[in-house]
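Structure first, commentary second.
The values are calculated or read from the model by the stated rules, or taken from the named source; none is laboratory data. A quick note: this is a predicted structure, and the numbers were derived from the prediction, not measured. Here Cβ is always computed from backbone atoms with ideal geometry, including for glycine, and neighbour counts include all displayed protein chains. Heads up: the accessible areas ignore ligands, DNA and RNA and are worked out on the full protein's heavy atoms, side chains in. Shrake-Rupley method; radii C 1.70, N 1.55, O 1.52, S 1.80 Å.
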Amino acid sequence: MNFRKKLSTLKVPHNKHTAGVHSICVDPPKEVLLPMTMHAGAPAVPVVAVGDYVRVGQLVARDEGRFSCPVHATVSGTVTAIEPYQQADGTKTTIIRIESDGKMERDPNLKAPKVETLDEFLDAVKSSGIVGLGGAAFPLYGKLDALRRNKIETVLVNGAECEPYITSDHRTMVEHSDLVVKGINVLKKYMPEAKFVISIEANKPDAIEEMKRVFADDPTVEVRELETVYPQGAKQVILYNVTGKVVKGGQRLASLGVIIINVTTLSKLAQFMEDGTPLIDRCVTVDGSAIAEPKNIVVPVGTPAKYLIEQAGGLSTEPGKVLIGGPMLGHAIGSLDEPIQKATNAILAFNKKDSKLLEPSDCIHCGRCVSVCPVFLNPTAFDRAMRLENENERADTLERESLNQCIECACCSYVCPAHRPLMETNKQAKRFVRKHYAAKKEGGK
Amino acid sequence: MEKLTVSAAPHIHSGASTNRIMLDVIIALLPVSIASVVIFGMKALVIIAACVITAVVSEFLFDKIVGKKCTIGDLSAVVTGLLLALNLSTAVPVWQCVVGTLFAIVCVKCIFGGLGHNFANPAITGRVFMLVAFSEVAGGAMPTIVELEASATPLEQLANGGVVPTLDKMLLGIHGGAIGETCIVALVLGFVYMVVRKVIRWYVPVAFIGTVFVCYLAATGGDVLFAFYEILAGGLFIGAIFMATDYVTTPITDLGKIVFAVCCGLITFIIRYFCAYPEGVSFSILIMNILSPYIEKWTANTPLGGSKL
């Protein structure tokens, strides 16, 4: 039985230092690294060879398999290597290295896709390489595929951007409101009955004002101001707070008649429909206590972190930790050569003081994790279950505690006074349960 | 450039820590500790010192002997020692304080794995152990700043129909009893501090004390003054504020905490009203500590998008 109706959330420090600064475009880096797994789904397969000359926007890897997504050259130049690569999160992938010739010569074959039917539209979106830029990196065509089956009543345009520091979606709304309008107009064609709700946290008044201005005459678009709390932008949370709906375990969001699409994703879709530009560049927030001049920078996908930091005035002090993504959910990287990917919205570098690791101690059962969990889980129960010796018992307990409903928002780890890595344990628990039941199924055959 | 730190997300933290929480509890216990020395004299200070030192030293030695990482830095041993001391009267000899604290720390807490693994509140269990082993724990001792004729605690006086102290003396704690249970004003001060610091939920002590109050109102047919005396007397305030809000041994859910507190109140009333024994708070909390995992299970939240199992 739940004691509260409202979803729990956290007040985290915003640190949106770059919110008021216009994003800048910079010269391309000398080299880009394009991983084949910049999306959720099967890896892309390279279609170029070492030594090939490629132009901006040219296909370098095609999609292959379930929810795979093509990759395009993000600079013009020569393919110097196609090699195995270990990513920041430890997963192994293949990367294509392209040495830039500095010319940024655009592929002359790129032009606005001619689409009439839904099938043609979805095929075009598939070829664009666009993925959800809010963080999940789920291929956009996979999300829009729901249009074939479900009647979409509400399109929730996610401009919450609840992670501290990051302002790239914010800047998109302020600087490229025209693209947001165009993006919505593209979608309208295929879901004429849908209502659009642009949802923005209250700490972005200029973005709210700009969106209200450009959609003033459009009755199908509502601009909704949301409370500035973390994790307001998480799928389950924003869905509940805006529509009052809940996705059940194993249920698809679209079956509720709702699609959630990140505002920058929408702008990239608009750009693609306008002139055929696939997803090749993006706005990245460079910030943190070790960055000299925090700012938003538009760079080609695959640009190494080091280059972005240089463009933001370099490091002001010896960094202790460098993150790809926000401080709540981002990955710490071990090397500044790590490239930004399609869904990377920030590079954050922190000084030694801000990078101190906290020593975990035993759970004191204080219940802070339970009271902050937006989806009413008991994170410490997962932590306890993971210490069970018996694997069957462990898997069953985790399932019983609805482990799979965990949205991995890190609120539990953030508040834990014993400094236990609760979210990380949940991720490990999910991997364990998947493996355990897969092995059982295998053994049963 | 030196090596970069690679660690799991999140990379920022609220700043909360176990020892900060324990420190807050100690700060919340300071007013009543000072009050106990003022009311009961230096003997109170001796008892507090004996219990706290024994608690810290015994946990330190236990960790050393079993080869565990030293845990006295989390300050929970200080809290246990202090709480136990405040639940004893000045009539208790120092050696008994030492034995009781040893039992609380070693047998109730450390043997089960230390802080977070104990099934019952160490201070409460230590007190109950001393009640059973040495019989005289709470009663018998008199404040040194007043001369009272009777040597009974207000609860004993209430039970036996004796003369009870005036209401202002009840609130200030100038009457017989355990050194830390009498001064209601100081206890409430600690309660407010812990609520402000978000260490405890306000509704746990309120539900506990409220339940006892309502039960007495019902039992006495609406005798407000009597019910008021009943909640002010004995260990109800210190138990409800500092023991029924213990994290480790109470349910983790909001609803569970309330169920726990109300049940504590009911059991306290039943023991006090129907049994020969005048004090029921320790036993009620101890009984509910044991039931806590079940309450937690029955009051589990329903996950958003999931189903209750």
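Which of the helices (runs of 4 or more DSSP H) found entirely inside region A:355-445 contain at least 1 residues meeting this: more than 7 Å from chain B (Cβ to nearest Cβ), open to solvent by 50 Å² or more (accessible area, probe 1.4 Å) and farther than 18 Å from A:Leu7 by Cα?
In region A:355-445, A:379-385, A:391-400, A:422-444 are the helices (runs of 4 or more DSSP H) which contain 1 or more residues that are more than 7 Å from chain B (Cβ to nearest Cβ), open to solvent by 50 Å² or more (accessible area, probe 1.4 Å) and farther than 18 Å from A:Leu7 by Cα.
Between a first residue in region B:62-82 that is in a loop (DSSP other than H, G, I, E, B) and a second residue that is open to solvent by 30 Å² or more (accessible area, probe 1.4 Å), which pairs have beta carbons less than 6 Å apart while being 6 or more apart in sequence or on different chains?
Here the result reads B:Leu75/B:Asn19; B:Leu75/B:Leu23, each pair linking region B:62-82 to a residue that is open to solvent by 30 Å² or more (accessible area, probe 1.4 Å).
Can you list residue pairs whose Cβ atoms sit under 7 Å apart, with the first residue in region A:327-338 being at the interface with chain B (Cβ under 7 Å from one of its Cβ atoms) and the second being buried (at least 22 other Cβ atoms within 10 Å of the Cβ) and of a type in the set (Lys, Arg)? Count only pairs 6 or more apart in sequence or on different chains.
Final answer for the pair search is A:Ala332/A:Lys321.
Select from region A:305-316 the residues that are touching a residue at least 12 places away in the same chain (Cβ under 8 Å) and open to solvent by 60 Å² or more (accessible area, probe 1.4 Å) and list them in ascending order.
Selection gives A:Lys306, A:Leu315, A:Ser316.
Tell me the strands (runs of 3 or more DSSP E) entirely within region A:20-91 that contain at least 2 residues that are without any contact (Cβ under 8 Å) to a residue 40 or more places away in the chain and of a type outside the set (Asp, Glu).
Passing ranges, in order: A:59-62, A:77-86.
Just name the residue that is farthest from the other protein chains (Cβ to nearest Cβ) out of those in region B:294-309 that are open to solvent by 30 Å² or more (accessible area, probe 1.4 Å) and free of Cβ contacts under 8 Å to residues at least 12 places away in the same chain.
B:Tyr294
So, in region B:1-49, how many residues would count as being of a type in the set (Lys, Arg), within 14 Å of chain A (Cβ to nearest Cβ) and under 22 Å from the mean Cα position of the chain (by Cα)?
Counting residues in region B:1-49 that are of a type in the set (Lys, Arg), within 14 Å of chain A (Cβ to nearest Cβ) and under 22 Å from the mean Cα position of the chain (by Cα) gives 1.
Can you tell which of A:Ile82, A:Ile98, A:Ile152 is farther than 25 Å from A:Thr303 by Cα and either over 20 Å from the mean Cα position of the chain (by Cα) or open to solvent by 40 Å² or more (accessible area, probe 1.4 Å) (or both)?
A:Ile152 is the lone residue from the list that is farther than 25 Å from A:Thr303 by Cα and either over 20 Å from the mean Cα position of the chain (by Cα) or open to solvent by 40 Å² or more (accessible area, probe 1.4 Å) (or both).
Among residues belonging to region A:1-48 that are touching a helix residue (DSSP H, G or I) at 6+ places or on another chain (Cβ under 6 Å) and under 30 Å from A:Ser76 (Cβ atoms), point out the one that is most open to solvent (accessible area, probe 1.4 Å).
Result: A:Val26.
Test each condition in (1) over 19 Å from the mean Cα position of the chain (by Cα); (2) within 28 Å of A:Cys69 (Cβ to Cβ) for A:Gly233 and report the one that comes out false.
(1)
Can you pull out the residues in region A:49-73 that are open to solvent by 40 Å² or more (accessible area, probe 1.4 Å) and of a type in the set (Gly, Ala, Ser)?
A:Ala49, A:Gly51, A:Gly65
Can you tell me how many residues within region B:89-115 are touching an Asp or Glu at 6+ places or on another chain (Cβ under 9 Å), over 22 Å from B:Gly234 (Cα atoms) and open to solvent by less than 20 Å² (accessible area, probe 1.4 Å)?
Result for region B:89-115: 4.
Would you please name the residue that is farthest from A:Ile198 (Cα to Cα), looking only at residues in region A:145-180 that are among the small types (Gly, Ala, Ser) and out of contact with any His (no Cβ under 8 Å at 6 or more places or on another chain)?
A:Ala146
If I go through region B:254-278 residue by residue, how many of them are open to solvent by 20 Å² or more (accessible area, probe 1.4 Å) and either outside any helix (DSSP H, G or I) or in contact with an Asp or Glu (Cβ under 6 Å, 6 or more places away or on another chain) (or both)?
Going through region B:254-278 one residue at a time, the tally reaches 4.
How many of the residues making up region B:273-298 are within 20 Å of B:Thr220 (Cα to Cα) and under 18 Å from the mean Cα position of the chain (by Cα)?
Of the residues in region B:273-298, 4 are within 20 Å of B:Thr220 (Cα to Cα) and under 18 Å from the mean Cα position of the chain (by Cα).
Name, by its number, the condition in (1) under 21 Å from the mean Cα position of the chain (by Cα); (2) surrounded by fewer than 17 Cβ atoms within 10 Å (Cβ to Cβ); (3) hydrophobic (A, V, I, L, M, F, W, C) that does not hold for B:Phe60.
Failed condition: (1).
State whether one or more residues within region A:294-304 are without any contact (Cβ under 8 Å) to a residue 60 or more places away in the chain and outside the structural domain of A:Asp169 (by TED's automatic domain parsing).
No: region A:294-304 contains no residue that is without any contact (Cβ under 8 Å) to a residue 60 or more places away in the chain and outside the structural domain of A:Asp169 (by TED's automatic domain parsing).
Condition first: within 12 Å of chain B (Cβ to nearest Cβ), more than 13 Å from the chain's Cα centre (by Cα) and buried (at least 22 other Cβ atoms within 10 Å of the Cβ). Now tell me which residues in region A:339-354 satisfy that.
Across region A:339-354, the qualifying residues are A:Leu348, A:Ala349, A:Phe350.
Taking the stated definitions as given, is B:Ala8 out of contact with any Phe, Trp or Tyr (no Cβ under 6 Å at 6 or more places or on another chain) and open to solvent by 30 Å² or more (accessible area, probe 1.4 Å)?
For B:Ala8, the condition - out of contact with any Phe, Trp or Tyr (no Cβ under 6 Å at 6 or more places or on another chain) and open to solvent by 30 Å² or more (accessible area, probe 1.4 Å) - is met.
Could you check how many residues of region B:57-93 are touching a Leu at 6+ places or on another chain (Cβ under 8 Å) and closer than 24 Å to B:Val38 by Cα?
4
Restricting the search to region B:129-186, which residues are at pLDDT 65 or above, open to solvent by 40 Å² or more (accessible area, probe 1.4 Å), farther than 22 Å from B:Ile285 by Cβ and not basic (Lys, Arg)?
Within region B:129-186, B:Asn160, B:Val163, B:Val164, B:Thr166, B:Leu167, B:Asp168, B:Leu171, B:Leu172, B:Val185 meet the criteria.
For B:Leu88, indicate whether it is out of contact with any Ser or Thr (no Cβ under 6 Å at 6 or more places or on another chain), outside any loop (DSSP other than H, G, I, E, B) and more than 14 Å from every other protein chain (Cβ to nearest Cβ).
no
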